[in-house]
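What follows draws every value from the coordinates through simple rules; no lab data is involved. Just so it is clear, the structure is predicted and the values come from calculations on it, not from any experiment. Using ideal geometry, Cβ is built from the backbone for each residue, glycine included, and neighbour counts are taken over all protein chains shown.
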Amino acid sequence: MGGAGPAVPPEVGAERLRVGVLASQGDFAAHVRMLAQLGAESMEVRTPEQVESLDALVIPGGESTTITKAIERDGLRPAIEAHHAAGKPIFGTCAGMIVLDRLHLGLLDATCRRNAFGRQIASFEADLEVEGVGPEPMRAVFIRAPWIEEHGPGVEVLARVDGHPVVVREGPVLAAAFHPELTDDSRLHALLMAMASGRGAGSPDAGGERKGAS
């Protein structure tokens, strides 16, 4: 990427970012822990009022239909749309990526293919080269994962598996087809925080920790 420099979470002593994780379904607690380790004021989110207070939002994995129904049931959609309209970042992982696409919330100009790599028996791990997060590969855990089937010109592809986009970014939206919370590699969460602090706008370089799978 360009010379904007690495995007890193706020330094110690800076005002803490408030980052929420939608707690309708999925391993939201693991995301909350990872964000807290990066210095965020992380929290589980279940109400529109909580969404309104956030600097960034994570929509975790689970089952996309269940998550979408919970968003509608709990009246969260207007608050999530307002969050996006304000330019505040959203990070969708696995099913969360599907929830963001054209056929669901419509916040990502892309269409996802569900269970693209096969169902639970075909789940796998892979080392990915993710553009902008440093030279070290990222260990990715794919569980009944989607991929991006088609996307608009404004969507930047940061990583692929067998030619299929699995990490993408469009404006304030970041999406990954896998479960970054299941490893100790926090670079995508660090990128989300950098986007929220305004330091991730010019370049998706991220400065979180890179370790092996847990």
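Quick notes on this structure:
- Filtering G87, G75, G61 for residues that are assigned to a loop (DSSP other than H, G, I, E, B) and more than 16 Å from the chain's Cα centre (by Cα) leaves a single hit, G75.
- Test: residue in the range 152-161 that is part of a loop (DSSP other than H, G, I, E, B) and closer than 19 Å to I71 by Cβ: no
- Among (1) assigned to a loop (DSSP other than H, G, I, E, B); (2) farther than 21 Å from T65 by Cα; (3) out of contact with any Leu (no Cβ under 8 Å at 6 or more places or on another chain), the one test that A116 misses: (2)
- Top-ranked residue in the range 17-47 [being surrounded by fewer than 16 Cβ atoms within 10 Å (Cβ to Cβ) and either among the hydrophobic types (A, V, I, L, M, F, W, C) or farther than 17 Å from L192 by Cα (or both); ranked as farthest from the chain's Cα centre (by Cα)]: T47
- So V133, is it assigned to a loop (DSSP other than H, G, I, E, B) and buried (at least 20 other Cβ atoms within 10 Å of the Cβ): yes
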